[in-house]
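The values are calculated or read from the model by the stated rules, or taken from the named source; none is laboratory data. It should be emphasised that the depicted structure is a prediction, and the values quoted were computed from it without experimental measurement. FYI the Cβ positions are ideal-geometry reconstructions off the backbone, even for glycines, and counts take in every protein chain you see. What goes into the accessible areas is simple: the full protein's heavy atoms, side chains included, and nothing from ligands, DNA or RNA. Shrake-Rupley method; radii C 1.70, N 1.55, O 1.52, S 1.80 Å.
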Amino acid sequence: MRITTLTAAALLTTSMTVPALADGHLQITDEPIEFTVHLHNKRYHYDSNWPVEQAARKLTGVSLTGATFGTNTPSSAEAHNLMLASGDIPHIVGGDKIKNMVNEYGPQGAFVPLNDLIDEHAPNIKAFFEKYPEKQAAVSSFDGNLYYIPYLPDGKYGRAYWMRQDWLDKLGLKTPENVDELYEVLTAFRNQDPNGNGKKDEVPFFARQWPELLRLVTLWDGRSSGSDTYHDFHVADGKIQHGYAGEGYREGIKNIAKWYDEGLIDAEVFTRGSSAREFLLSENLGGMTHDWFASTSGYNQSLKDKIDGFSLAVIAPPASVSGKRIAEHRRIPVKPDGWAISHTNPDPVTTIKYFDFYFTEEGRRLANFGIEGEQYDVVDGEAIFTDEFKAQGPINSSLYQVGSQVQRGYFQDFKYEVQWTNPSALKGIELYDAGDYLIDQFLGVAFNEEEQGVFDKNWSSIQTYMLERQQAWVLGNGDIEADWDDYLATLDKMGYSDVIAAMQSAYERQYGG
């Protein structure tokens, strides 16, 4: 990477007119100032005409103008590479998956460390990280510095177990409370014709994505996923582990293979793909799945007139063989998205103050809901989307168009999503919240150069081998019990222990383990 320091004059070239500043405590600078920004996402690029950006400009006195790197590619990684290769890095760099880039190149001088800037000039960000120190640790680099302000999703729950309540009622069955009862229910779905067409065509359990089938290993106290973004590692008693090397996983895969062989799991689970939910539910064939709260709940509305009595309900995770109810999938609280200050930035102090604006009450509302009187009205102190705005189409897409819910560094407000979530999904979220089924989530580590080398050398081939064996066992091509010792020995020969040691070293440095 070539790093070229540019003058402030060369970087502050634009004909944009900054609106008159608003009166009030959010004004950052007496004289209007402008920064260049690269904010890349496959769905959008930074637009200075976003109403949200114009409102922020008026409130703070800070203007941003978009850089052009990668505007013709949907790949954020490719756009970042083009930018770094040029050496002409905009003042602010943000968007999708910037964590690894800034944590690698920040210590080399490409991005500004933010710790002292936050401590001295960003009271709202400072207060946030003091309240959630684990989130700051999760995004810090191996040298202990913070190089970007992350996008911080709100809400805890993502996916849940869904079951055909109308099928349970027709067969006189109760909601399964444990793994044995679940087996009995799925067997009844297979054998007792709950769709009433006289054919044995029901698909008791289906999933759109392979990882959602793998969630079933938790019924035998295994782990299928520690994190949706960190290669399925997790932490147990301060030690880095991988679910695919655990005893509970072995039991889980053995039983999933048994259920697959018995026809309790979709025979086309490997090939049907993302169409599985739509097809199997709309054709009155699917009995149970593990999928998103919000989108899955919509079938209760869309199929009510097509399938008599159709009712798809959230069920609590059935208790495992040891009596544990486990929900693995949760919203990640810290994303690898956000924005950073580059070494070319002529005024990092003003920039961090601008970042801090989005952690104020006014800035956070702007980032989440848009413009008052246009996208939302304030009702009893809460931002409530107007009926006119909701009628425009999907809420997220409409918000992107005005500059809200884009991946700058800010703290999302789950209340924005509650307003357009189906009541049956909200009821399911309440069920999961009351049961407190979520398990701790691993938020990843920041490697130093040596650790990164160990990981890069070994992990890709190890992961490929794990997944190949996993699929083969479920399909009946091999016996996991008979193969297990050789499987573990092969993992070790491939460098599994070295990867775990590198991750443990990084984990202890980063989180103080």
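Distance cut-off 22 Å, Cα to Cα: go down the list Lys97/Lys427; Lys170/Lys304; Lys135/Lys156; Lys156/Lys415 and report the pairs above it. Write out the running numbers ahead of the final one.
On the way: Lys97/Lys427 33 Å; Lys170/Lys304 16 Å; Lys135/Lys156 14 Å; Lys156/Lys415 12 Å.
Check vs 22 Å cut-off fails for Lys97/Lys427.
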Problem set entry | Cross-link partners of Lys254 among lysines (Cα-Cα below 27 Å; sequence separation of 8 or more within a chain) | Lys174, Lys200, Lys239, Lys324, Lys493
Seminar exercise, completed: From most to least accessible, 1.4 Å probe, no ligand or DNA/RNA atoms counted, Glu262, Glu130, Glu202 line up as Glu130, Glu262, Glu202
For this session: Under a cut-off of 17 Å between alpha-carbon atoms, report the aspartates and glutamates in cross-link reach of Lys42, not counting same-chain residues fewer than 8 places apart.
Result: Glu78, Asp96, Asp337
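Which of rounded, prolate, oblate describes segment 417-489, given a ≥ b ≥ c as roots of the alpha-carbon gyration tensor eigenvalues and a/c under 1.5 marking rounded, otherwise prolate only if a/b is larger than b/c? Walk me through the numbers before you get to the answer.
Working: a/c = 2.98, a/b = 1.53, b/c = 1.95.
Oblate is the answer for segment 417-489, as a/c is 1.5 or above yet b/c matches or exceeds a/b.
If you stretched the chain out fully between Ala77 and Lys258, how much longer would it get, using 0.36 nm times the residue separation minus the C-alpha to C-alpha distance? Kindly include the intermediate steps, with their values, before the conclusion.
Details: separation 181, 0.36 × 181 = 65.16 nm, distance 4.10 nm.
Taking Ala77 through Lys258 to full extension adds about 61.1 nm, to one decimal.
Is it possible to state the helix-based mean residue ellipticity at 222 nm for the chain, with each DSSP H run of 4+ residues giving -39500 (n - 2.57), the sum divided by total residues, to the nearest 500 deg cm²/dmol? What is it? Walk me through the intermediate numbers first.
Details: 23 runs with 216 residues, N = 513.
So the helix-based figure for the chain works out to -12000 deg cm²/dmol.
Work out the FRET efficiency for Lys390 and Lys58 from their Cβ-Cβ distance, taking R0 = 30 Å, and round it to the nearest 0.05. Display every interim value, and only then the final one.
Numbers: r = 26 Å, r/R0 = 0.86.
For Lys390 and Lys58, the calculated efficiency is 0.70.
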For this session: Would you mind computing, in nm to one decimal, how far apart the modelled labels at Leu171 and Glu481 are, each placed 7 Å from Cα along Cα→Cβ?
Result: 2.6
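Which value, in debye to the nearest 20, describes the size of the charge dipole of segment 357-463 about its Cα centre when Lys and Arg Cβ atoms bear +1, Asp and Glu Cβ atoms bear -1, and nothing else is charged?
Values: 7 positive and 19 negative charges, 61 e Å.
Dipole size: approximately 300 debye.
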Seminar exercise, completed: The farthest towards the positive end of the charge dipole of the chain, of the residues Pro150, Thr175, Tyr299, given +1 on Cβ of Lys and Arg and -1 on Cβ of Asp and Glu, is Tyr299
Exercise. If each of Trp210 and Val321 carries a label point 7 Å out from its Cα toward its Cβ, how far apart are those two points in nm?
Worked result: 2.4
For this session: Specify which labelled value, from [x] 0.95; [y] 1.07; [z] 1.67, agrees with Cα Rg over 2.2 N^0.38 Å derived from the coordinates of the model shown.
Result: [y]
Exercise. What is the distance in Å between the Cα centres of segment 193-214 and segment 91-124?
Worked result: 47
For this session: Evaluate the distance, in nm, between pseudo-label points positioned 7 Å from the Cα of Asn191 and of Asn448 along their respective Cα→Cβ axes.
Result: 6.1
Exercise. Can you give the charge dipole size of the chain about its Cα centre, rounded to the nearest 20 debye, using +1 on the beta carbon of Lys and Arg and -1 on the beta carbon of Asp and Glu?
Worked result: 540
For this session: Heavy atoms only, probe 1.4 Å: what % of the accessible area of the chain goes to carbon and sulfur, would you let me know?
Result: 47
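Which whole-number value in Å² is the accessible area per residue of the chain, probe 1.4 Å? Intermediate values should be presented prior to the final figure.
Working: 22130 Å² over 513 residues.
Averaged over the residues of the chain, the accessible area is 43 Å².
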Problem set entry | aspartates and glutamates whose Cα lies under 14 Å from that of Lys126, excluding same-chain neighbours fewer than 8 positions away | Asp116, Glu134, Asp356
